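Report on the structure given below.
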């Protein structure tokens, strides 16, 4: 497998994971504020609160989790590949590289699943912002 393929795979997984995570939005309980504001204004308020959280330095999703899981997977894969190659008398460097690529891909996939949940601090910031405006957040989708 060419050395570019694992890098491309990891980049694609990061984009997918960050895209999935950023699509989650708060779900509002149909209270008096929501009834008064209407759906269009409520969406604008949600967008504003999301933007305020990001402007405050918070990130919506666990893309850092994806990166961390990829790095962990790469380290484990490299160690396993090198150990296996040493035992069987193969090219240790090549086996470590192959193991690292496989481990990074597995870690990216694992991190992508974890990234589906919004960052808890980001979520609390957005919920507080919406609560201050009179909305009641009942979950995220």
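The values are calculated or read from the model by the stated rules, or taken from the named source; none is laboratory data. It should be emphasised that the depicted structure is a prediction, and the values quoted were computed from it without experimental measurement. All Cβ positions, even for glycine, are placed from backbone atoms using ideal geometry, and neighbour counts span all protein chains on display.
The sole residue among 61, 79 that is closer than 17 Å to residue 124 by Cβ and modelled with pLDDT under 95 is 61. Residue count for segment 1-54 satisfying the condition of being touching a helix residue (DSSP H, G or I) at 6+ places or on another chain (Cβ under 8 Å), at pLDDT below 60 and not in a helix (DSSP H, G or I): 2.
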